Amino acid sequence: MQMMNAGFLGFVPLTLAAVAVPFVASPAAAQDVIAREVVQPLPSPEVQRLNRALVALSKAPRDRDTLVEAGAAAMGVDDLDAAIGFFGRAAELDPNHPRVAQGLAGVYLRSGRAGEALVQFERALAAGVPVREVLTDQALTLDLVGEQAAAQAAYTRALELDPANDEARRRLAISHAIAGNRVQFEEALRPLIGNRDMAAQRARAFGLAILGDSDRAAAIVEQIMPRDMATRLVPYLGYMPRLTKPQQAAAANLGIFPRAADIGRDDPRLARFAAEERADSRLAPAGPPLDARTRPPSTLAELVPPAPAPVKPPVAVPAPAPTPTPTPTPTPTSGGGGSAPAPIAPPVSPPSIDNATSTE
């Protein structure tokens, strides 16, 4: 019995030693195991901001400022649909608040909904948002509706307010390329190219593609971008000259390319927004001027001018038929001394059109 115990006890240490060999005999392996511990990564600052906004929104679902913050946080993680929803709910509560209009304008712009963005930018400016804060994005909306001249004027104004606004400079260069002005396109990018600005190189590639130099554009993309990204982008550069001007602006600035069936075809609504922008009809005063001597009309009918009386076509009145003049009867005279007066011939009436005969 003791021998069994001794044998058993002798067997156990051997077994434990055999099992412990992989862990004790290799300290480096143990260190590797410790180094490979899984650590939960912290969410990005943008995601943390969105989480905080959602927590606050669960406590106050109809608070305007909380909705605006949630919309801005959703834009930070590129969830544009959610951002539109948050800003839209804020607009239902206070449509004329400057931050609400500015937020809607920004998310509509990034979604490629240029016409709606243009309206919201004008509403934000009217509500008191500083011009400097929205001018660069407002200029892009003008490019997106095909108004390159107005867009370039707005970019230039943005650069006057902030000469360090590199985004406005890049967009201005692309706008010149869309307008076909290669000299000003290169001139606008020159300060940024000299500073090795990678975003400027990308803008240069798109501008060259728009101008028809797709080979140089492809060479720039292959040089500055990772291979997989360049491989996906280069085929699109060849389509740039075939796009409409609004499509070129969306592709170069926002990375939004049209479907194959829509290449070279604009949304009809863009033409309406462009026409309104050219005429500046949304900002022009309408109706009679109001001052101390006039009062605002109480009804819409007072604004409508009276309809002119219908003009009847003239009715042809037939000319009266001429009355024949009776021929006087000569009075006989006694004796043969005098001669009788000559008879008076009847007047000849002008020929009537009805009595005219054809000369066939």
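None of the figures in this text is laboratory data; all of them are computed from the coordinates on show. This structure is a prediction, so every number in the text was calculated from the model and none was measured. Glycine also receives a Cβ, built like all others from the backbone with ideal geometry; neighbour counts cover every protein chain displayed.
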field: Interchain or long-range residues, amide H under 5 Å from H97's placed H
entry: none
message: Using only alpha-carbon positions, what ratio does the radius of gyration of the stretch 131-249 give when scaled by 2.2 N^0.38 Å?
response: 1.02
field: Net lengthening on full extension, A260/V47 (0.36 nm per residue, minus Cα-Cα)
entry: 73.2 nm
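I need the peptides 126-132, 219-225 ranked by packing, meaning the mean over residues of other C-beta atoms within 10 angstrom, with the highest value on top.
Order by mean packing, descending: 219-225, 126-132.
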Percent of Cα-Cα distances greater than 18 Å, calculated over the stretch 72-153: 39
Highest average packing first - 159-166, 206-213, Cβ atoms within 10 Å: 206-213, 159-166
